[in-house]
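Here the structure comes first, spelled out in structure tokens, and everything after it is commentary.
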Amino acid sequence: KAGVTQTPRYLIKTRGQQVTLSCSPISGHRSVSWYQQTPGQGLQFLFEYFSETQRNKGNFPGRFSGRQFSNSRSEMNVSTLELGDSALYLCASSLAGQGNGYTFGSGTRLTVV
Amino acid sequence: SQQGEEDPQALSIQEGENATMNCSYKTSINNLQWYRQNSGRGLVHLILIRSNEREKHSGRLRVTLDTSKKSSSLLITASRAADTASYFCATDRNNAGNMLTFGGGTRLMVKP
């Protein structure tokens, strides 16, 4: 079966712009979570969506937002980009409930110049 | 913020040797998971151990969990060059959803 698909793979944006990243989870997975990975801060949780509702949120400013559609696909948006937003953004999907492990996509590499 | 630390930060061994990575965390957990990442790509789920388990095996992987010390270890036996990657532990402590807190990772290099 298809894995978690993230688009685009690479993105270059200018400071002040906004960006939207997309994640298609594994079929049947209703939980989608997003993570930011940077050399300085490592892997940090952004937010999780389940059945179109944000269920958990990490400690990121309001410039970071997301949503989930009825088919479980999710998007995250970053507005007013800063240089420090340059990172690998990873999406993970899992079945509902705890302890099932997560399947990650290959990520979107965002560079802000 | 990260849940804890991984030790060592980097490890270099010869093919065939065993590799041990340690992870410490700070709060109570529901389960602890280990992931592998190759060259800044996506994370691959390796193994999950629940808080009421002490040891788990999967192929060449052996994971232990000591909740009293808030620590876990990952042992890779008979390592191969293909095991070269970064390894991360992640704790899952939220009973109301899916939210992982990652350690800083161990960069493993296996020399042929």
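No lab work stands behind these numbers, since they all come straight from the coordinates. Not measured: the values here are computed from a predicted model. All Cβ positions, even for glycine, are placed from backbone atoms using ideal geometry, and neighbour counts span all protein chains on display.
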Counting only strands (runs of 3 or more DSSP E) wholly inside region A:18-113, the ones holding at least 2 residues that are under 14 Å from the mean Cα position of the chain (by Cα) and under 19 Å from A:Val4 (Cα atoms) are A:19-24, A:31-38, A:42-50, A:64-68, A:74-78, A:87-94, A:108-112
Taking region B:81-94 and keeping only residues that are more than 12 Å from every other protein chain (Cβ to nearest Cβ) and among the aliphatic types (A, V, I, L, M), one is left with B:Ala81, B:Ala82, B:Ala85
For strands (runs of 3 or more DSSP E) lying entirely in region B:24-80, having 3 or more residues that are within 14 Å of chain A (Cβ to nearest Cβ) picks out B:31-37, B:43-50, B:61-66
Original post:
Does at least one position in region A:6-14 carry a residue that is within 9 Å of chain B (Cβ to nearest Cβ) and closer than 18 Å to B:Val44 by Cα?
Top reply: yes
State whether the residues of region B:100-108 include one that is assigned to a loop (DSSP other than H, G, I, E, B), over 30 Å from A:Thr53 (Cβ atoms) and within 13 Å of chain A (Cβ to nearest Cβ). yes
Verdict on A:Gly3 being part of a loop (DSSP other than H, G, I, E, B) and closer than 18 Å to B:Asn98 by Cβ: yes
